[in-house]
Amino acid sequence: MAGVGVWFAIAIACHFGAYCAYLLGLRRDMVQPNRASWLIWSFATTVEAVTYVALNPGTPQGMVFLMSAGFCILVTLGLWRQSQWSAPSATELFCIVACLGAIGLWLVFRNTFWAHMLVVAAVPVSFWPTWQSAMEDRTRETSPAWGWWTIGDLATLLVALRASRHDIADLAYIVVEISCHAGVWLMIGLATINPWRSLRRGGMDTGWRFRVGDTHLGKAVFATHRFAEGAILMPFTGRRFHADRVPSLMRGQQDRFVQVGAQEYMGPSGGYDDLVNHSCDPNAGLRFTDKGVLLIALRDIAAGDEITWDYSTTLAENNWHMICQCRSEQCRRVIGNFSTLSPERQEWFRRRNLVAPHLRRRDSVTRIEGDTAAGQ
């Protein structure tokens, strides 16, 4: 029984540490959890934990389930508090309905074994929105929590195997949980197991090409190694929104929407691209290509340099402005749309193909009209 106690303590420690790391990452805008998955997990773990403890009082697995339920609720509340509402996708809606339906059937099923197996089958469905999100952009889930959840699940499995009686349904549930947590961990990279990365001063160093740190403006993105001029730094991703669906165009430094078309905006992705700050003397710029929106190095960037770009190079919106605090020698004091740049600066960005397409088209129309007028 002493061995069971050790593995139980390891399971508790791993799960507790994982949830703390994930909550800290959420607080620091380092992860963008999928709301559909966490809504399912909050409801499911709460119902299952309460039911399991009622049927199996005093078991160590019950304590782990109760702790997980409490933390799931905390993550979900934090996630919904700091994110803008958007309707779930068709896939997310299907997963929510399927999982909640399985839990409902589980509560009324007379056959305990098959009721529990129904919940086991629903676990991968609940993970699907998170897997899909991580496949689109792994930085959304770059947290050491996934590795520690996997290890905690393995410890829980050992506790269950060393118990006096083995419940096949319980073992199946734990094995599926291990597989699902490990699946996310593999997607984001096994190197993200180090829990201290969430606690380091200056932000979470993810071990990739960038790290997030703090500046006088708040969060910022820094290079972790050298980039040559012209190098592709990162893609800008995120859901596209029509202009009338953007929550606010006047939120200044808190605005994480990038104008990508005359009436189209790109919302926050939850990745590094959300945290790249403006500078009137940037070392990077956005290039719109067939492969997407890419951040390109405008000059050599050394390890430790903050990555910045000029927000005006995508803006056509006349009503948006922001007081600039970039502290560069070329600081314009106020950031506005592309037309607020000097003609020389506009041409500088055009020659490097670092102007948004909707602005290039407008510039072309202006030049054509000017040439026509001159010819007349």
Discussion item. Would you confirm whether or not the range 149-160 contains a residue that is within 24 Å of Arg211 (Cα to Cα) and among the hydrophobic types (A, V, I, L, M, F, W, C)?
Written reply: yes
Worksheet entry | Qualifying residues in the range 253-263 (those that are in a strand (DSSP E or B) and in contact (Cβ under 8 Å) with a residue 60 or more places away in the chain) - the one farthest from Pro33 (Cα to Cα) | Gly261
Worksheet item: Restricting attention to the range 267-290, which residues are part of a loop (DSSP other than H, G, I, E, B) and without any contact (Cβ under 8 Å) to a residue 12 or more places away in the chain?
Response: Asp290
Response to the item:
Counting only residues in the range 199-221 that are modelled with pLDDT of 75 or more and in a loop (DSSP other than H, G, I, E, B), the one surrounded by the fewest Cβ atoms within 10 Å (Cβ to Cβ) is identified as His216
Item to complete: From (1) surrounded by fewer than 21 Cβ atoms within 10 Å (Cβ to Cβ); (2) assigned to a helix (DSSP H, G or I), pick out the condition that doesn't hold for Ser312.
Response: (1)
Fill in: Which listed residue is among the acidic types (Asp, Glu), under 20 Å from Gly238 (Cα atoms) and within 22 Å of the chain's Cα centre (by Cα), from Glu141, Glu177
Glu141
Worksheet item: Just checking, which of Val97, Val75 is part of a helix (DSSP H, G or I), within 30 Å of Val221 (Cα to Cα) and at pLDDT 85 or above?
Response: Val75
Item to complete: Return yes or no: is Phe113 farther than 16 Å from Trp38 by Cβ and in a helix (DSSP H, G or I)?
Response: yes
Discussion item. I'd like the full set of residues that are among the acidic types (Asp, Glu) and closer than 29 Å to Ala220 by Cβ, limited to the range 21-52.
Written reply: Asp29
Item to complete: Filter the range 42-58 down to residues that are touching a residue at least 60 places away in the same chain (Cβ under 8 Å) and not aliphatic (A, V, I, L, M) and give me whichever is surrounded by the fewest Cβ atoms within 10 Å (Cβ to Cβ).
Response: Phe43
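Within the range 119-156, which residues are more than 12 Å from Cys14 (Cβ to Cβ) and either among the hydrophobic types (A, V, I, L, M, F, W, C) or in contact with a His (Cβ under 7 Å, 6 or more places away or on another chain) (or both)?
Val119, Val120, Ala121, Ala122, Val123, Val125, Phe127, Trp128, Trp131, Ala134, Met135
The values are calculated or read from the model by the stated rules, or taken from the named source; none is laboratory data. Predicted, not measured: the structure shown is a model, and the values here were computed from it. Here the Cβ is made from the backbone with ideal geometry for all residues, glycine too, and neighbour counts use every protein chain on show.
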